[in-house]
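Each reported figure results from applying straightforward, stated rules to the coordinates on display, with no laboratory input. Nothing here was measured: the structure is a model prediction, and the numbers come from that model. Counting neighbours? That spans all protein chains shown, and the Cβs are built from the backbone with ideal geometry, glycine included.
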């Protein structure tokens, strides 16, 4: 079956620190992988995506690489800002594309 | 223009009432979803519709009934509301045919049952 496991939070970092949020997946076939971000009181927004092995998704200084050999899609940012405080979700689509599987979410708080 | 819009944004109601949440997408997508997010931010798929046809119906009480009058709309009707139904409900859409795109989410409906 399909599933996503991401690291438990909450995560608290100081501004300009390096961020890694781990995500691993189980899937049949060749899923697409996503990171979504949810700011307080808002819906989920796509942060970045990768559709095949070795693809790197990037946006707003965040990066993640689709690693088929380790079934991972870890999110990284070199220098976080207070405005990055949010909940981050790793997700994948099934082969048929009619369902998205989400991880449990990781809450990030960045302090000045 | 809002891509996925759902109404209302907030809904406070008493136990036992019936309520509906509406969702519309203007992206031309062929697939729409309802998700439930609990207080710990966990997202649970409830329903998925592809071209107005029910594709996924997870273990959800029969009190929840989705209705898709056309490809651009997927409404959620809830009968006999219970305290445990309190959560944030998200509508989403994506394009399945022709290659998977990401899911686009509405702003959510915060349902509080008192």
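By counting other Cβ atoms within 10 Å of each Cβ, how are B:39, A:58 ranked from fewest to most?
Ranking B:39, A:58 by Cβ neighbours within 10 Å, fewest first, gives B:39, A:58.
Counting pairs of alpha carbon atoms under 8 Å apart in space and at least six apart in sequence, what relative contact order in percent does chain A give?
37
Give the relative contact order (percent, whole number) for the stretch B:2-112; include only Cα pairs under 8 Å separated by 6+ residues.
This gives 36 percent for the stretch B:2-112.
What's the exposure ranking of B:10, A:101, going from fewest to most Cβ atoms within 10 Å?
Final ranking by Cβ density, sparse to dense: B:10, A:101.
Mean 1/r over all different Cα pairs, inverted: what Kirkwood radius does the stretch A:26-112 give, in Å?
13.5
Mind checking the alpha-carbon convex hull of chain B and giving the volume per residue in Å³? Let's see the in-between values first.
On the way: hull volume 11.0 nm³, N = 114.
It is 96 Å³ per residue.
Would the stretch B:11-52 count as rounded, prolate or oblate if I go by the C-alpha gyration tensor, calling it rounded below 1.5 in a/c and otherwise prolate when a/b exceeds b/c, oblate otherwise? Please report the intermediate quantities before stating the final value.
Details: a/c = 2.44, a/b = 1.52, b/c = 1.61.
Oblate, since a/c reaches 1.5 and b/c is not below a/b.
Could you list B:55, A:111, A:21 so that the one with the fewest beta carbons within 10 Å of its beta carbon is first and the one with the most is last?
A:111, B:55, A:21
Could you pull the Rg and Dmax for the protein assembly as shown, using just the Cα atoms, both in Å?
In Å, with Rg to one decimal and Dmax whole: 17.6, 51.
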